[in-house]
Each structure stands twice: as structure tokens, then as C-alpha cells.
1. Of all residues in region 16-56, count the ones that are over 26 Å from Ala126 (Cα atoms), in contact with an Asp or Glu (Cβ under 9 Å, 6 or more places away or on another chain) and assigned to a loop (DSSP other than H, G, I, E, B).
2. Taking helices (runs of 4 or more DSSP H) that do not extend beyond region 95-214, which have at least 3 residues that are surrounded by fewer than 22 Cβ atoms within 10 Å (Cβ to Cβ)?
3. Within the bounds of region 270-278, is there any residue that is open to solvent by 30 Å² or more (accessible area, probe 1.4 Å), at pLDDT 95 or above and at positive phi?
4. Go through (1) outside any loop (DSSP other than H, G, I, E, B); (2) open to solvent by 10 Å² or more (accessible area, probe 1.4 Å) and name the single condition Asp308 misses.
5. Kindly provide the set of residues from region 254-269 that are modelled with pLDDT of 95 or more and assigned to a loop (DSSP other than H, G, I, E, B), ordered by number.
6. I'm trying to understand the selection: among the residues of region 57-73, which are outside any helix (DSSP H, G or I) and open to solvent by less than 30 Å² (accessible area, probe 1.4 Å)?
7. Just one of Leu284, Leu302 is open to solvent by less than 20 Å² (accessible area, probe 1.4 Å) and either farther than 18 Å from Val335 by Cα or outside any helix (DSSP H, G or I) (or both); which is it?
Amino acid sequence: MHNLHEFIRRRLEPDIYKRLNIFPAVLILGSRQCGKSTLVKMLAQGKDHFVYLDLQNAADINKLTEPALFFEANDPSVLCLDEIQSVPHLFSALRSEIDRNRRPGRFILLGSASQELIQKSSESLAGRIGIVELSPFSIDELMLHNAETDLHVCWNRGGYPESFLAADDESSCLWREDFIKTYVQRDIPQLGFQIPAVQIRRFMTLCAHLSGQLLNTSKIGESLGMAHTTVRRYIDLLEQTFLIRTLPPFETNEKKRLVKSPKLYVRDTGMLHQLLQIGDYNSLLGNPVFGASWESFVVETLCSVFNDCRFSFYRSATGDELDLIIQKAETTIAVECKASAAPQVTKGFWRAIEFVKPQKSFVIAPVKANYPIHEHVEVCGLNGALAKLSGLL
């Protein structure tokens, strides 16, 4: 089972092919170990001219001591440069080489930090590079590969290939713990941030406790003995390395008092559970974070699958709330997350619907059958909601 992810098709494949036919370089961003290298090697199967370099490997870095000579020697090939954020000075050499030969699809760059953290990429390769973001496996990708995929396993272990495909929950937990240790001890320092590993681990654990809640940097700072500016810097770092997501509040021109703070989510529920020391699904069922975990799972799935949409949440000063608002062109969809087999919505939900006026609303819960509770409001399981949203967005 360990290597099954080599054959699981990724939703982004058509987007990557499209950009390879347009741009000289395509940058695939995503957290470490989310499957970027495997995806590119799958795309390269059967191609004679494909060269892969891991820029965290000393032998591969040595091949680029004279990048212009290396690029010229491998001119007919597609060059894949993995962990490009490790060698930011390469961007100037790439720019010169691309301007020399703008053949589409020459370079595939892989990075485990956001565009903002990959120095000079946006300014030096503007107009020359197409950018896509790869998330860990989503439930729709796994269901397409195997219709018998257990939603509870995906929810508990998260979507990182090695975690989801582990032989058992214990092996999955061990992998996730090693991932977190490597992230705080190696990845953060390599990006140029000198933060003690214990401190960043404590910060990540607090973020896990707060997943699904409003972000209050002052309160976080008080609990950890940090300035709110330091908290903001840590939040930015975790967001730009794809471990957390901040969801902005819904914007409106009306004068109604709305919450202005963003909401905070740990993006992968497997990492969320590991940070909170939740080892299996039965332990999750009895944990106070159960509802917030389901909300995190649903929100991240929808944000990853429909990544060309705008996302926000709605909360009024009086507590009326919608967990997620999805907007694309003239279409607005409202989503409420309920971790219950018999979900009930509050009066605040109906008031929020009346204010936002979405064309369609979904209450997404761990249920097997879809059913309406109002003319434009439907209770759905996550897979059912994905299918319906695909026809609306």
C-alpha cells in the first residue's frame, strides 16, 4: 500500500499541462511531502528528455555551479528543479536562460514555500512563469482512485500521501511526528528564520487548539509571552509554508457591524490531530476539538478543490455566522459545517443567509444522504457537496 500514491491522479494535472504549453517555466508550490516530486515524475513517465535535480542534495547542487553551462548542455530536456527555495540565487540565471530560449515547458520548479518566501521569483520571472499550488490528497482525488476510500481515515490521518497510505494509525502518527520535527528543526532555519524549535512547536500546537476560531494576535501573544508583532510574523511564516490558512471575513458595502478578524485553520487535519496528540478516529470522537476538526477538514477541502474562487466567512457582531462563503463571478455559495449525523442550524444561520443572499447554501455534515431543509438549503455529506458544487462553480 505504501507506494499507491504514485498512481493516484492529481486534480491539478490539466492545469499544469496547460501552463507547460504556455510558459517557459512552471512553478508548483506546496508543503513539503505533499506529493510534488511524485506528481512531476508521473508526468515525466515515457519522456526521453527529462532531468530532475534535488536542490537539497549536494551532488545535484554541484551540477549547477555554472548554471548557464548546465542549462545549455541540457537544452532539449525538461529540467525539474526541486526545492527551488533552497537556492534563490538561481532565479537570475533562470531569467537569463529563459530570455535566451522561451520554449514553453523548459523548466518545472518545485517549492515548499510560498511565492513571497521564494526570494526574487515574482520580480525576476514575472511574465515568464506559471504558478500552481498543490495540496495534499483531497477526498475527491482519493475517491476517484478508490471509491471505497474511508472518509474517516482521510479526516483522521489527513491528506499527506505517506500519512494517509501508512499501514496503520500508529505508523501514520509516527510519520506525522517526524514531519513536524523536521519542519521545526530543519525547514524553518533553511528559510532563514532563526526561531528555537521548541518555541515554534509550542506556537503550532496553540494554532491547533485555535483552529476554526478567530485570530487574535494579542491574546496569543499574552499566552505565549510574545509581542503581537512576533505572533503575526509566525502566522505569516506558517501560512507561507502551507501549514495554516487564514480565512478573511466577508466584505460588504452595507453598514452592518461585521467581525473584522480572520479565522485561523490548520490546513491538514492529520497535522492538526498530531499537534493535539489525537491518535485515531475513536479518540477524535471524544475530543472537544471534534467539531472544529470537521470544520477545518471541510473548509480546506473546498478551498483546495475550488482554488479559483474567493473564500471568506461571515460573522456579525451579534454572532450570526456562516463558516464559509464561496464566490465566483456572480455566484455566491454559503456553507455551514456541522459535525453531526443529525445537523441542526440556528436562527443565526437563517439571519446570515438572509443578509448574504447566496444562490445556494449547504450544511455539510458526516451524513450519507443529501436532503433539503429549505428551498435553497441542502444538507450534504462532503462528497455530495463536492459533486453539487462542481456543477455550480
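The values are calculated or read from the model by the stated rules, or taken from the named source; none is laboratory data. Bear in mind the structure is a predicted one, so any value in this text is a computation, not a measurement. With ideal geometry, Cβ positions are generated from the backbone for all residues, glycine too; neighbour counts draw on all protein chains shown. With ligands, DNA and RNA removed, areas are computed over all heavy atoms of the protein, side chains included. Shrake-Rupley method; radii C 1.70, N 1.55, O 1.52, S 1.80 Å.
1. Going through region 16-56 one residue at a time, the tally reaches 1.
2. Qualifying helices (runs of 4 or more DSSP H): 121-124, 139-145, 151-157, 169-182, 197-209.
3. yes
4. The failed condition is (1).
5. Pro262, Arg267, Asp268
6. Result: Leu64, single match.
7. Leu284
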